[in-house]
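Novice: Mind looking over this structure? Questions follow.
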Amino acid sequence: MRLIREIDDTVITREEMNMQDITFNVRKSSRAIVSNSSKQIAIIYVSKDKYHKLPGGGIEKGENYMSALNRELMEEAGVEVTVLGEIGMIIEYRKDHRLLQISNCYATEMIGELVEPSLTKDERSKGFVLKWVDLAEAISLLENDQPRNYAGKFIKERDLTFLKEAARMNE
């Protein structure tokens, strides 16, 4: 997977970061740009914290990137997909959370019928709402988001980068 960006607090909070003094916990995750037959993509609005995100999430014990991707897409978007290709990898260094997150993002296409997402209790409490929009609208929505929390600012930056990379690859 090709590394397309690294994001840290100097990007998010404009604070200098000395990473030599921080022990990070590593979290690996899979995300996707899921397109449907109408060429719209799935994005999730996190209503509690006022930002949009791509469907996807962390790899759990016993999973690999693909099995985590399939589980997360069913949970958050209610879709099964076929993977069309790789978008790229982004590494986030979240100093306040002592988190080093590695996100692999894939271009996918929905197969079969849309089913009701099976959101976790945490996702329901954050007010996850699934939307289907075209790629340009997804980019615009994320560009105009103003996340209320630290994690949301990283998520916005990460997923906006993935969307812009997908648009560049589609040119």
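The values are calculated or read from the model by the stated rules, or taken from the named source; none is laboratory data. Worth saying up front: this structure is predicted, and the values here are computed from it rather than measured. When we count neighbours, we look across all protein chains shown, and the Cβ atoms used for this are built from the backbone with ideal geometry, even at glycine.
Each row is one residue, and each column tells you yes or no for (1) aromatic (Phe, Trp, Tyr); (2) modelled with pLDDT under 95.
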| position | (1), (2) |
| --- | --- |
| TYR106 | yes, no |
| GLY112 | no, yes |
| GLU116 | no, yes |
| LEU130 | no, no |
| LEU135 | no, no |
| GLU143 | no, no |
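Novice: Collect the residues in segment 144-159 that are outside any helix (DSSP H, G or I) and either buried (at least 17 other Cβ atoms within 10 Å of the Cβ) or among the hydroxyl-bearing types (Ser, Thr, Tyr) (or both), keeping them in residue-number order.
Specialist: ASP145, PRO147
Novice: Within segment 55-70, can you find the residues that are of a type outside the set (A, V, I, L, M, F, W, C) and surrounded by 13 or more Cβ atoms within 10 Å (Cβ to Cβ)?
Specialist: Selection gives PRO55, GLY56, GLY57, GLY58, GLU63, TYR65, SER67, ASN70.
Novice: Yes or no: ILE87 at pLDDT below 95 and surrounded by 20 or more Cβ atoms within 10 Å (Cβ to Cβ)?
Specialist: Judged against the criteria, ILE87 is not a match.
Novice: Examine segment 127-148 for a residue that is of a type in the set (D, E, K, R) and within 19 Å of GLY58 (Cα to Cα), and state whether such a residue exists.
Specialist: No, because not a single residue in segment 127-148 is of a type in the set (D, E, K, R) and within 19 Å of GLY58 (Cα to Cα).
Novice: From the list LEU141, LEU84, LEU100, exactly one residue is in a strand (DSSP E or B) and either within 28 Å of ASP9 (Cα to Cα) or in contact with a Cys (Cβ under 6 Å, 6 or more places away or on another chain) (or both). Which is it?
Specialist: The conditions single out LEU100.
Novice: Looking at GLY78, is it modelled with pLDDT of 95 or more, of a type in the set (Gly, Ala, Ser), in contact with an Asp or Glu (Cβ under 6 Å, 6 or more places away or on another chain) and under 15 Å from GLU116 (Cα atoms)?
Specialist: yes
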